[in-house]
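J.: Dropping a structure here in structure tokens format, bear with me for questions.
The values are calculated or read from the model by the stated rules, or taken from the named source; none is laboratory data. Because the structure is a prediction, the values reported are computed rather than measured. Heads up, the Cβs are rebuilt from the backbone with ideal geometry, glycines too, and the neighbour counts pull from every protein chain shown.
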Amino acid sequence: MLCFSGLSVALALALLPSTINALKDGECEVCVGFLGRFYQSLKDNDAQFTNEAIEKALIKACKDAKGKENRLCYYIGATSDAATKITNEVSKPMSYHVPVEKICEKLKKKDSQICELKYDKQVDLSTVDLKKLKVKDLKKILEEWGESCKGCVEKSDFIRKINELMPKYAPNAAKARTEL
């Protein structure tokens, strides 16, 4: 009869790969996407991988974040108006080069809202018929570009504004539309 102590069972369970908490495909897409690009930017800029330097760079990156990525920054406390601060949960493991998927798994345990964030579907401006979109979607395109349409009343006003700004914000789509 085999006899195992509680410690050896705990050690064996700790060494087994944990699939219970592993992220599923597409889960935590904003967290993985944002932190992945952030980590890559640190490597590209030969940044110091210290806890303090990463936290400082994270707060700086979050100042420019928009939409869902800004919401992620808020949840981890990297924005000035955040109620809690768990940036250390990102900067410390990142200083040891822990994969961003693992960092997001840990963040999910702290705040499940982090992994509920999803990117909005992107409209392919090179092929979409703007006339078939709703005004709400047209406004959203302008909002993503950081633009507004003052004095726009009709749907055609929003379409005109998008077509006017497309070369600036979506040059490839503007070029593809002129070739059609």
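J.: Scan the stretch 25-51 for residues that are over 18 Å from E69 (Cβ atoms) and charged (D, E, K, R) and jot them down.
T.: Passing the criteria: D25, K43, D44, D46.
J.: So A82 clears everything in (1) closer than 23 Å to C28 by Cβ; (2) among the small types (G, A, S); (3) in contact (Cβ under 8 Å) with a residue 24 or more places away in the chain except one condition, right? Which one?
T.: (3)
J.: Further question: Does any residue in the stretch 116-140 that is in contact (Cβ under 8 Å) with a residue 12 or more places away in the chain come within less than 9 Å, Cβ to Cβ, of a residue that is surrounded by 14 or more Cβ atoms within 10 Å (Cβ to Cβ) and among the aromatic types (F, W, Y) six or more places away or on a different chain, and which pairs are these?
T.: Hits for this filter: L117/Y75; L125/Y169; L130/F158; V135/F158; L138/F158; K139/F158.
J.: Check the stretch 154-171 and report whether any residue there is under 23 Å from G67 (Cβ atoms), surrounded by fewer than 13 Cβ atoms within 10 Å (Cβ to Cβ), not assigned by TED's automatic domain parsing to the domain that holds D64 and not charged (D, E, K, R).
T.: For the stretch 154-171, residues under 23 Å from G67 (Cβ atoms), surrounded by fewer than 13 Cβ atoms within 10 Å (Cβ to Cβ), not assigned by TED's automatic domain parsing to the domain that holds D64 and not charged (D, E, K, R): present.
J.: If you don't mind, there's one more thing I want to ask. Do we have any residue at all in the stretch 140-148 that's farther than 23 Å from K66 by Cα, outside the structural domain of C28 (by TED's automatic domain parsing) and of a type in the set (G, A, S)?
T.: Let us first name the residues in the stretch 140-148 that are farther than 23 Å from K66 by Cα, namely none.
No, that holds for no residue.
Residue-wise test of (1) of a type outside the set (D, E); (2) more than 14 Å from the chain's Cα centre (by Cα).
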| position | (1), (2) |
| --- | --- |
| Y39 | yes, no |
| D44 | no, yes |
| Q48 | yes, yes |
| L58 | yes, no |
| A65 | yes, no |
| A82 | yes, yes |
| E89 | no, yes |
| Y96 | yes, yes |
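J.: Which fully enclosed helices (runs of 4 or more DSSP H) of the stretch 19-127 have 1 or more residues being in contact with a Cys (Cβ under 6 Å, 6 or more places away or on another chain) and surrounded by 14 or more Cβ atoms within 10 Å (Cβ to Cβ)?
T.: Filter on the stretch 19-127 gives 29-44, 51-64, 67-76, 100-110, 113-116.
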